[in-house]
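Asks: For reference, the structure I am asking about is given below.
Where a number appears in this text, it was derived from the coordinates with a stated rule and is not lab data. These figures come from a predicted structure and were not determined experimentally. Cβ placement follows ideal geometry from the backbone for every residue including glycine, while neighbour counts extend to all protein chains displayed.
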Amino acid sequence: MQYSNLGIITTALLILSSCGVKNDSLQISVENKLDVKRSFETIAIPLNQIPYNVNDSTKTVAVVNTATNDTLVSQLVDEDGDSNLDMLLFQPEIAAKSTNTYTLTPVAKKTVTDSVDPLAYSRFVPERTDDYAWENDKVAFRTYGPVAQQMVEDSVPGGTLTSGIDAWLKRVDYPIINKWYKKTLSGAGTYHEDTGEGLDNFHVGASRGIGGIAVKKDTIFYYSKNFTNWKTLSNGPIRTSFILEYADWDAGGTTITEHKKITLDRGSYFSKFEINLTGADSISAGLTLHKNTGNTIINEDLGYISYWETLDDSEIGSAILVPNNLLSTQKYISTKTDESNLYATIKPEDNTVTYYAGFGWKKRGEFTTEEEWKAFLERTAKKLKSPLKVNYLN
């Protein structure tokens with residue numbers, strides 16, 4: 001099978017200069033309407049709103065807090081996959097019920113971090129069959145490509161047939177994807193054993209893993225197979241994003257088309273899924289229930305489902321958050337291996353479904369009990385329903 005290398009990695013930029021307000025600057029305010037402090041939430045500003053020439057490779061955009069004169073880390077990205085930079089990203093810290101003001105100004109590049117592993121990172125992994133893996137400072141994931149599918153269909157050992165999402169459990173903030181693959185493939189060790197950084201002991205199989213989708217017809221849930229193509233959009237200090245394409249698939253006599261964009265930002269435990277599809281009035285995003293020995297948490301008012309379970313010598317909470325258009329939830333139990341899943345059924349809007357899927361691992365330390373995980377989900381769901389508000393001041 002031949003691949004066209006669609007990977008286009010947007011350079012991650014660390015801005016080390018500061019600037020004052022100038023005539024060629026854009027001023028914005030960012031408002032937090034909730035009574036909690038906000039951080040690690042990404043603001044995206046279209047570059048066409050800033051007096052910035054995307055074709056000038058000597059310039060970037062500095063984001064300066066006008067009250068403190070601090071320059072924030074920022075990143076320029078291609079959000080729509082047309083190979084052109086179109087968005088400026090940054091992550092402000094804003095106190096409860098407060099508004100901060102920022103100045104956005106084109107400046108000369110002081111340094112380019114091409115030689116440094118970006119904190120939010122994803123890539124195609126041809127050396128491990130054909131995984132696609134992604135991570136930030138909190139979590140890591142992977143899913144599987146057509147070679148892995150073909151191996152299963154040809155009865156070749158080592159293949160994987162699933163469109164489910166696998167979780168890699170990391171204890172550390174620094175990148176581990178490349179390190180773990182190299183360790184395993186070189187024979188120096190295996191990512192299935194924890195030597196202090198974490199491990200992959202999360203079983204996906206044919207299940208939905210953490211955020212894979214299904215289409216329900218009558219009483220049956222239908223799935224796509226592995227992705228068929230990929231395109232990396234961005235890696236950097238704030239965001240990694242990429243596109244996965246799938247072959248058309250059958251759901252009880254109906255043809256489904258599926259095109260998936262996945263985004264993971266610094267500081268987040270959740271990948272954002274934006275799925276463009278045709279052929280279905282709704283989709284069901286799922287969490288594997290494994291052997292159904294854990295506890296389900298469902299809050300349709302806030303728009304999330306979760307599963308807390310024992311995993312080897314620790315515990316893990318997985319979750320799907322749906323800020324808008326959640327239709328229903330269902331706990332589907334099957335006697336067949338890997339077919340028990342907890343589902344959130346979502347209505348498409350303009351043929352697109354948006355949701356967030358992720359997890360928290362007890363050994364990482366942030367969530368040591370089911371109650372702490374549930375409280376975190378409630379806070380996160382409220383933030384998704386009340387996003388930071390941007391106002392343009394000039």
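Asks: If each Cα of region 291-373 is one equal point scatterer, what is log10 of I(q)/I(0) from the Debye formula at q = 0.22 Å⁻¹?
Replies: Values returned for q = 0.22 Å⁻¹ are -1.08.
Asks: Taking 0.36 nm per residue of separation and subtracting the Cα-Cα distance, what length does fully extending Glu300 through Asp281 add?
Replies: Using 0.36 nm per residue and subtracting the Cα-Cα distance, I get 4.9 nm.
Asks: From the Cα gyration tensor of region 343-394, with a ≥ b ≥ c the square roots of its eigenvalues, which class applies: rounded if a/c is under 1.5, or else prolate if a/b is larger than b/c, or else oblate? Intermediate values should be presented prior to the final figure.
Replies: Working: a/c = 2.90, a/b = 1.41, b/c = 2.05.
It comes out oblate by the Cα gyration axes.
Asks: When we measure straight from the Cα of Lys138, which lysines land under 18 angstrom away, once same-chain ones fewer than 8 places off are left out?
Replies: The reachable lysines, counting only those whose Cα sits under 18 Å from Lys138, are Lys170, Lys179, Lys272, Lys362, Lys363, Lys374.
Asks: Mind checking the full-extension length gain between Ile220 and Lys389? Use 0.36 nm per residue of separation minus the Cα-Cα distance, one decimal, nm. Spell out each step's value before the answer.
Replies: Details: separation 169, 0.36 × 169 = 60.84 nm, distance 4.10 nm.
Gain on stretching Ile220 to Lys389: 56.7 nm.
Asks: Based on the Kirkwood radius over alpha-carbon pairs, what is the Stokes-Einstein translational diffusion coefficient of region 121-385 at 10 °C with 1.306 mPa s viscosity, in µm²/s?
Replies: My calculation gives 86 µm²/s for D.
Asks: Working from Cα positions, state the angle (0 to 90°, nearest 10) between the long axis of helix 177-186 and the longest principal axis of the chain.
Replies: Rounded to the nearest ten degrees, it is 50.
Asks: Give me the dipole magnitude in Debye, nearest 20, for the chain about the Cα centre, with unit charges on the beta carbon: positive for Lys and Arg, negative for Asp and Glu. Please report the intermediate quantities before stating the final value.
Replies: Values: 40 positive and 50 negative charges, 156 e Å.
Its charge dipole is roughly 740 debye.
Asks: Could I ask something else about it? With runs of 4+ DSSP H residues as the only contributors, calculate the mean residue ellipticity of the chain at 222 nm using -39,500 (n - 2.57) per run, divided by the residue total and rounded to the nearest 500. Write down the numbers at each step before the final one.
Replies: Values: 3 runs with 34 residues, N = 394.
That calculation yields -2500 deg cm²/dmol at 222 nm.
Asks: At what distance in nm do the modelled label points of Asn55 and Asn351 sit from each other, each positioned 7 Å from its Cα along Cα→Cβ?
Replies: 3.2
Asks: What length, rounded to one decimal in nm, is gained on full extension from Asp24 through to His203, with 0.36 nm per residue of separation minus their alpha-carbon distance? All intermediate terms of the calculation are to be shown ahead of the outcome.
Replies: On the way: separation 179, 0.36 × 179 = 64.44 nm, distance 5.26 nm.
Using 0.36 nm per residue and subtracting the Cα-Cα distance, I get 59.2 nm.
Asks: Counting residues in region 182-304 as N, plug N into 2.2 N^0.38 Å and put the Cα Rg over that result.
Replies: Output field value: 1.25.
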